[in-house]
Amino acid sequence: MDNVTAPLRRDIAEQVTARILDGRLPAEGRVNEVRLAAELGVSRTPLREALVELTDRGLLVAEPRRGFRVPPLDVDEARRLYPLVGELEALALRWTAPQDLLGLADRLEEQIDEMRAALEQGKELAALDDRWHALLLSACANAHLMRLIAQTKPLLKRYDVLYFGGLDRARRSIDEHRRILAAIREGDLTEGARWLVQNWVNGAAYLGQNPR
């Protein structure tokens with residue numbers, strides 16, 4: 001992958017990832033490289049290198065002489081990945097200095113209140129949930145762990161788009177966020193990590209139920 005600079009490849013990969021997650025590149029659909037390159041305003045070479053990178057991440061499947069396609073939605077795989085992401089985030093939480101987490105507490109609480117207000121107004125919560133988790137982990141200084149989390153979480157986003165909208169899950173998730181925050185304020189990162197894992201495990205329990 002020496003033909004293009006890393007920043008350009010990352011930018012293309014992010015744009016293709018967004019198309020996978022929001023369904024513009026649908027599950028089991030083939031990637032039309034000519035059309036996609038034209039949409040993104042790039043040549044085929046950097047696009048192909050980005051597609052290879054996304055294949056390594058599991059967001060695409062490469063087929064010899066047939067190009068790339070988006071993998072099918074696999075609820076069983078998602079049920080395995082949700083607890084994995086929970087454990088990774090819990091590790092990042094435990095590896096963050098308690099005083100740094102306390103410095104985030106007020107902003108975390110504000111975002112929880114924003115999620116509650118959005119729920120009462122019937123708005124989508126998935127993006128707000130992403131923002132809360134990103135803030136929670138923002139003070140973790142372990143770059144390798146954070147990179148692993150960033151590479152793994154997109155594999156779940158297609159499922160969140162389908163299943164995050166249920167009121168029961170949303171209310172439960174907000175309550176779990178409050179429990180995590182309470183543990184942070186009390187300086188009990190073991191308890192906070194336990195609820196963080198539970199938050200992801202409970203999310204997996206809704207897979208396959210009433211997709212939108």
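The values are calculated or read from the model by the stated rules, or taken from the named source; none is laboratory data. All of these numbers come straight from a predicted model, not from anything done at the bench. All Cβ positions, glycine included, derive from the backbone under ideal geometry; neighbour counts span all protein chains shown. Quick note on the areas: whole protein, heavy atoms, side chains included, nothing else; ligands and nucleic acids left out. Shrake-Rupley method; radii C 1.70, N 1.55, O 1.52, S 1.80 Å.
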Problem - Restricting segment 19-66 to residues that are touching a strand residue (DSSP E or B) at 6+ places or on another chain (Cβ under 6 Å) and in a strand (DSSP E or B), the residue that is most open to solvent (accessible area, probe 1.4 Å) - result: Arg30
Handout entry: Ala78 being outside any loop (DSSP other than H, G, I, E, B), of a type in the set (A, V, I, L, M), at pLDDT below 95 and open to solvent by less than 20 Å² (accessible area, probe 1.4 Å)
Key = yes
Problem - Counted residues, segment 170-180 - those being open to solvent by 20 Å² or more (accessible area, probe 1.4 Å) and either in contact with a Pro (Cβ under 8 Å, 6 or more places away or on another chain) or at pLDDT below 95 (or both) - result: 2
Problem - Check on Ala183, assigned by TED's automatic domain parsing to the domain that holds Ile112, open to solvent by 40 Å² or more (accessible area, probe 1.4 Å), in a helix (DSSP H, G or I) and out of contact with any strand residue (DSSP E or B) (no Cβ under 7 Å at 6 or more places or on another chain) - result: no
Practice task
Can you tell me which residue among Leu162, Leu108 is buried (at least 17 other Cβ atoms within 10 Å of the Cβ), part of a helix (DSSP H, G or I), more than 13 Å from the chain's Cα centre (by Cα) and at pLDDT 90 or above?
Solution key: Leu108
Handout entry: All positions within segment 126-158 that are open to solvent by 40 Å² or more (accessible area, probe 1.4 Å) and farther than 26 Å from Asp74 by Cα
Key = Ser138, Ala141, Asn142, Ala143, His144
Fill in the blank from the handout: Of the conditions (1) more than 16 Å from the chain's Cα centre (by Cα); (2) open to solvent by 70 Å² or more (accessible area, probe 1.4 Å); (3) at pLDDT below 95, the single one that Leu119 does not satisfy is (2)
Problem - Long-range neighbours under 8 Å by Cβ, at least six apart or interchain, first residue of a type in the set (Gly, Ala, Ser) within segment 103-118, second loosely packed, with under 15 Cβ neighbours inside 10 Å and modelled with pLDDT under 95 - result: Ala118/Glu124
Problem - Matching residues in segment 137-179 - criterion: being closer than 15 Å to Glu87 by Cα and touching a residue at least 60 places away in the same chain (Cβ under 8 Å) - result: Leu148, Ile149, Gln151, Thr152, Lys153, Leu156
